[in-house]
Structures are given as structure tokens and as C-alpha cells.
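Notes follow the structure.
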Amino acid sequence: MMPRLEVWLYGIKVGELTGSSWRDFDFTATPEALARFGVLSTVLSESVPFTVRPVQGRAARRRNFFEELLPEDLNRVRLAEQAGVEAGDTVGLLRRYGRDVAGAVEIFDPADPWEPPTRELRPLNEVQVRELADSYPTVPLGNDPLRGRLSLGGVQLKVALVHQEGRWWQPLGGYPSTHILKKSPEHYPTMIFDEEYGCRLASRFGLMDYDVHIELFADQPMLVIERYDRFLEEGVPHRLHQEDMNQALGASGNQKYQQQGGWSHCNASLI
């Protein structure tokens, strides 16, 4: 049997992930979730409405929401290597990295000896930030090998850190990350500059209000993205829930990319 994972949202245990293996796991809402948010609430996800009993025909779509909390391709492989599980083991990966994911949800195994984690920050200078970005095979997403608990979706190589008190920190034990940092891959040297330019245009048109800029770390230019699913309260970062359209629509893998024959070309009417 796979471990039983608890799913928490805004300080409430809203459900559990259970099953005979990571291939057939499913989500079951708790009585607390039903009482607090109501039957059929989509506060967690459009794909995971709270029900008294899960509708079996929608199990794959519910699984997809949780799978999309994890990265793809090399990102996922590196996380799996660090955790000592198979890259396809969604439950095993969430057991290790589900404490800090996109949005406000937290996922963990209450029987894990590392639970509850001690949430701390490790100070970093600009050289150490660059080293984290350059050491991706051994520290995927900037996760400490022992105390890293964060995951981010997508295929781009990135690091998730905390910017607080005017400096950079490495989050430990599921401390909420506040920023995402990217550097351009060798085969696409203008990538971060293109993304920054696109974000600047979006900001000028009032389509986004979070900060995106280029910053040098020991002479290495990196794109710094303020996380819009985080907010500060008395100087401490807190989580704000969100889901992307892939999770809402149940899209996964190449279905997300028009270039790969995915759904993107027919989603305009749904967004």
C-alpha cells in the first residue's frame, strides 16, 4: 500500500490521497472540507470538487491536478533522484516535496518521521544563489538534499527562493518560497530576456501586477519573478491558492503544448 497523504488548504485538512499504488491513487474530501466549503466546492480545483464519495469516472482528472503540482522532464527526474523514488511516482514525490507547491495547498505524510518539518531560512549571498542555479542536477529547484520540500510545475530549469529583509534565503522544511529565479539555457541564450520583455508589456497593459526583472548574481544574469501566489503579512510570506488552466481542464503532458499537438489551439473559448 502507498502512504496515506493528507491534503491541507488554508489550515484545514480538506482531503486525503489514498490507493493501492501511485498508479491508482485518488482524493477523498474530509467532513471538515464539506462542512467548511460545501458539497461540490471547487476551492481546491475545478477538477477536484468536494463530494461525499468520489465519482470514479473522474478519478484520472483528480489525479491530474496533483500530478500537475510536479515538474516535467529533467526537473521531475532530478527531484525523483534526490527523493529516491521513480519519476512516475506522483505520490512519492508529493510525499517529499508537497509542503511548498503552487498555490496554498500543502501535502504530506503524517507518518513521515520528518513531519512536522522545522521551517527555516538559510541565508545566501549572490555567489551562493548562482551556485544553486548552476548545480541543478544535485539541488533541483534549489531544494536542500535533506530538508528541501518544494515543487514547481513546468519544464524550465529554475530555483525557488525567499527574498526577505533585503536579502536572499534558501527555504527549508516547506517555508513558503516567494520568488522564482531562472537563467537562460545554453541553446536559448535570450530566453529570460524575452520573458522579461513580455512581462513588461503585460504590466504596461495592466495584465499583471507582480515584479519581474533581470538581476545579476556574480555576473550571471537571471530572471527574478515575484510569486503571485504568495503575500506578505507582517513581513512573513503566506500562501494564496491558485490553479492553472491545465489543472482546471485536466490537461497533462503534451496536451498542454500546441507545438506538440496539444489542446492550446482550442482552449481560447474556455479561458
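Okay, here's what the table says:
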read-out: Residue identified as free of Cβ contacts under 8 Å to residues at least 12 places away in the same chain and over 20 Å from the mean Cα position of the chain (by Cα) among Val85, Val77, Val55; value: Val55
read-out: Number of positions in the range 90-123 that are buried (at least 21 other Cβ atoms within 10 Å of the Cβ) and over 26 Å from Gly11 (Cβ atoms); value: 0
read-out: Residues that are charged (D, E, K, R) and part of a helix (DSSP H, G or I), drawn from the range 64-81; value: Glu67, Asp73, Arg76, Arg78, Glu81
read-out: Some residue of the range 156-178 being within 20 Å of Ala80 (Cβ to Cβ) and in contact with a helix residue (DSSP H, G or I) (Cβ under 6 Å, 6 or more places away or on another chain); value: yes
read-out: Leading residue by the ranking (surrounded by the fewest Cβ atoms within 10 Å (Cβ to Cβ)) among those in the range 1-42 that are under 25 Å from Gly92 (Cβ atoms) and among the acidic types (Asp, Glu); value: Asp24
read-out: Residue in the range 134-143 that is in contact with a strand residue (DSSP E or B) (Cβ under 9 Å, 6 or more places away or on another chain), under 17 Å from Phe231 (Cα atoms) and among the hydrophobic types (A, V, I, L, M, F, W, C) present; value: no
read-out: Pro221, sole failed condition from (1) at pLDDT below 85; (2) surrounded by 13 or more Cβ atoms within 10 Å (Cβ to Cβ); (3) farther than 24 Å from Leu9 by Cβ; (4) of a type outside the set (Phe, Trp, Tyr); value: (1)
read-out: Filter result for Thr28 (part of a strand (DSSP E or B), farther than 26 Å from Arg147 by Cα and not basic (Lys, Arg)); value: yes
read-out: Selection within the range 31-46 - under 17 Å from Glu106 (Cα atoms) and either part of a loop (DSSP other than H, G, I, E, B) or among the β-branched types (Val, Ile, Thr) (or both); value: Thr42, Val43, Leu44, Ser45
read-out: Single residue of the range 5-20 satisfying the filter (in a loop (DSSP other than H, G, I, E, B) and without any contact (Cβ under 8 Å) to a residue 40 or more places away in the chain) that is farthest from Arg61 (Cα to Cα); value: Gly11
read-out: The range 196-244 - residue that is of a type in the set (D, E, K, R) and in contact with a Gly (Cβ under 9 Å, 6 or more places away or on another chain) and, of those, nearest to Thr42 (Cα to Cα); value: Glu243
read-out: Residue check for Gly153: surrounded by 22 or more Cβ atoms within 10 Å (Cβ to Cβ), of a type in the set (Gly, Ala, Ser), assigned to a loop (DSSP other than H, G, I, E, B) and in contact with a Leu (Cβ under 8 Å, 6 or more places away or on another chain); value: no
read-out: Index of the failed condition, Arg61 passing every other in (1) free of Cβ contacts under 8 Å to residues at least 60 places away in the same chain; (2) farther than 22 Å from Pro113 by Cα; (3) in a helix (DSSP H, G or I); value: (1)
read-out: Evaluation of Glu165 against (1) in contact with a strand residue (DSSP E or B) (Cβ under 8 Å, 6 or more places away or on another chain); (2) at pLDDT below 95; (3) among the charged types (D, E, K, R) (one fails), failing number; value: (1)
read-out: Matching residues, the range 11-45, being modelled with pLDDT under 95 and either under 19 Å from Val101 (Cα atoms) or touching a strand residue (DSSP E or B) at 6+ places or on another chain (Cβ under 8 Å) (or both); value: Gly11, Gly19, Trp22
read-out: Checking Trp8 against (1) modelled with pLDDT of 95 or more; (2) closer than 24 Å to Gln255 by Cα; (3) within 16 Å of the chain's Cα centre (by Cα), the condition it does not meet; value: (2)
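The values are calculated or read from the model by the stated rules, or taken from the named source; none is laboratory data. Treat the numbers as computed from the prediction; the structure is a model and nothing was measured. For neighbour counting, all protein chains shown are included, and Cβ atoms are generated from backbone atoms with ideal geometry for every residue, glycine included.
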